[in-house]
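Worksheet for the structure shown next.
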Amino acid sequence: MNQDRIPFNKPCFEGKELVYIAQAINNGLISGDGAYTKRCHAFFERHLGVSRAFLTTSCTHALEMAAILLDFGPGDEVIVPSFTFVSTPNAFLLHKAKPVFVDIRDDTLNMDESLLEGLITPRTKAIVPVHYAGVGCEMDAIGEIAAARGVAVIEDNAQGLFGKYKGEFLGTLGCMSALSFHETKNITCGEGGALLINDPSYIERAEIIREKGTNRSRLFRGEVDKYTWVDVGSSYLPSDILAGFLYAQLEARTQIQQQRQRVWQYYNDSLKDWAGRHSVRLPYVPDHCEQSYHMFYMIMPSHEDRQAMIAHLKSENIQAVFHYLPLHLSEMGAKLGAKAGDCPVTTDISDRLIRLPFFNELTEAEQERIADAVRSFYK
């Protein structure tokens, strides 16, 4: 093992990150809602066409804001996929609501919309589709079901920025959506997120919740001569230093997306024949979806093969990882009343999925080395 290690992820600098960080510091306002925060807000509102955007300290906090905006409380229910990160249900559980886990589709690994009707009850307040790997959920069907039952749709779009469903940007199809700018995401500032508001009726309260429950933003706009505590809320504003970093990445979005498309396409082209011969599944993207090129995964024939592939790649100094463990099988899931047989597709896929190294600076030579190592697994 004398070759350099290829990590699973490597955060990348793509533009003027250091320049904008320095400018944010020189501006004399490095707390929240400074000049770069405002530029980021304007970018999302202009390019995505959302009514308002609010940067947050994480996608988790954006989801928590959504839970507050919809007044989640004891007795309420929210439908979430079992195949997701814990932040998705946690945001609502914090307000004593009950997450109800729905299984995923076998093709896109997204929420199975055909199961929603059977899970909605009079207590259901929202459905939270998660666009896995930046491939859109079936939002037409989800939206129709939600509208017919008077249920809100909140998109967890942590992985799907700039992806599209039937020509519309992911994150613009529910009443609101949450984004992530964690270092593993396409567009990053290390840690960060955003709440996108598509229903204007939520804007005024979202601004208050984000400012610790105060009308402080109205003071800065000169609308009041002092600010006061008017609602529940918390401290969700990121530093303008982080916003400067983020804005540089947003400026470089075309270059970033092109690099990630290159990485994804190389894997797909290099492995599709091998995968077909060995019953290995590669990502599926429906024709009506434009993915964000967030990750590349393989679904191995068995759990044993998946574990052996991870060990095999490790022996070649290549870091590959599995992904979500089913939330309905977790200790917390059991406390919420979930049962082992509730989400069989999630259980099966989680046991067999492996993610290959994926980052902007991954070279073709490194990818060739990874693909060669993958193809050598089956003798």
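The values are calculated or read from the model by the stated rules, or taken from the named source; none is laboratory data. Only a predicted model underlies this, so the values are computations on that prediction, with no experimental measurement involved. Here the Cβ positions follow ideal geometry from the backbone for every residue, glycine too, while neighbour counts run over all protein chains shown.
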Original post:
Of the residues Ala53, Ala62, Ala67, which single one is in contact with an Asp or Glu (Cβ under 6 Å, 6 or more places away or on another chain) and at pLDDT 95 or above?
Top reply: Ala53
Original post:
Restricting attention to the stretch 351-373, does a residue exist that is in contact with a Ser or Thr (Cβ under 8 Å, 6 or more places away or on another chain) and assigned to a loop (DSSP other than H, G, I, E, B)?
Top reply: no
Original post:
Could we say that Phe101 is modelled with pLDDT of 95 or more, outside any loop (DSSP other than H, G, I, E, B) and closer than 28 Å to Val280 by Cβ here?
Top reply: yes
Subject >> Residue ID - surrounded by the fewest Cβ atoms within 10 Å (Cβ to Cβ), chosen from residues in the stretch 333-379 that are of a type in the set (A, V, I, L, M, F, W, C) and free of Cβ contacts under 8 Å to residues at least 40 places away in the same chain >> reply: Ala365
**OP:** Would you check which residues across the stretch 7-32 are touching a Phe, Trp or Tyr at 6+ places or on another chain (Cβ under 6 Å) and over 14 Å from Phe245 (Cβ atoms) and list them?
**Re:** Asn9, Lys10
Original post:
Just one of the numbered conditions (1) small (Gly, Ala, Ser); (2) on the phi > 0 side of the Ramachandran plot; (3) surrounded by 24 or more Cβ atoms within 10 Å (Cβ to Cβ) is not true of Gly167; which one?
Top reply: (3)
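Ser234 - would you say it is of a type in the set (Ser, Thr, Tyr) and farther than 30 Å from Ser31 by Cα? If you could, list the steps in order and put the result at the bottom.
On the way: of a type in the set (Ser, Thr, Tyr): yes; farther than 30 Å from Ser31 by Cα: no.
The answer is no for Ser234.
When you go through Gly222, Gly244, Gly174 one by one, which is the residue that is surrounded by 20 or more Cβ atoms within 10 Å (Cβ to Cβ), in a loop (DSSP other than H, G, I, E, B) and among the small types (Gly, Ala, Ser)? First the steps, then the outcome.
Details: Gly222 fails: surrounded by 20 or more Cβ atoms within 10 Å (Cβ to Cβ); Gly244 fails: in a loop (DSSP other than H, G, I, E, B).
When all the criteria are applied, what remains is Gly174.
Considering each residue of the stretch 318-350, count those that are more than 24 Å from His294 (Cβ to Cβ) and part of a loop (DSSP other than H, G, I, E, B), and give that number.
Total satisfying the criteria: 7.
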Subject >> Residues of the stretch 55-84 that turn out to be crowded, with 18+ Cβ neighbours inside 10 Å and over 16 Å from the mean Cα position of the chain (by Cα), as a count >> reply: 9
Original post:
Considering only residues of the stretch 285-319 that are surrounded by 15 or more Cβ atoms within 10 Å (Cβ to Cβ) and hydroxyl-bearing (Ser, Thr, Tyr), which is nearest to Thr346 (Cα to Cα)?
Top reply: Tyr297
Subject >> One residue from Thr60, Thr56 being in the same structural domain as Arg123 (by TED's automatic domain parsing), in contact with a strand residue (DSSP E or B) (Cβ under 6 Å, 6 or more places away or on another chain) and more than 26 Å from Gly167 (Cβ to Cβ) >> reply: Thr56
**OP:** Mind telling me which of the residues Leu119, Leu115 ends up being surrounded by fewer than 23 Cβ atoms within 10 Å (Cβ to Cβ), touching a residue at least 12 places away in the same chain (Cβ under 8 Å) and either closer than 23 Å to Arg352 by Cβ or touching a helix residue (DSSP H, G or I) at 6+ places or on another chain (Cβ under 7 Å) (or both)?
**Re:** Leu115
Subject >> Unmet requirement for Ser87, which otherwise passes all of (1) in the same structural domain as Cys175 (by TED's automatic domain parsing); (2) surrounded by fewer than 17 Cβ atoms within 10 Å (Cβ to Cβ); (3) closer than 30 Å to Lys314 by Cβ >> reply: (2)
Subject >> The listed residue being without any contact (Cβ under 8 Å) to a residue 24 or more places away in the chain, on the phi > 0 side of the Ramachandran plot and not assigned by TED's automatic domain parsing to the domain that holds Met295, out of Gly28, Gly49 >> reply: Gly28
Subject >> Filter result (free of Cβ contacts under 8 Å to residues at least 40 places away in the same chain, outside any strand (DSSP E or B) and of a type in the set (D, E, K, R)) within the stretch 278-310 >> reply: Asp287, Glu304
Subject >> Selection count, the stretch 145-165, where residues are under 16 Å from Met176 (Cα atoms) and assigned to a helix (DSSP H, G or I) >> reply: 2
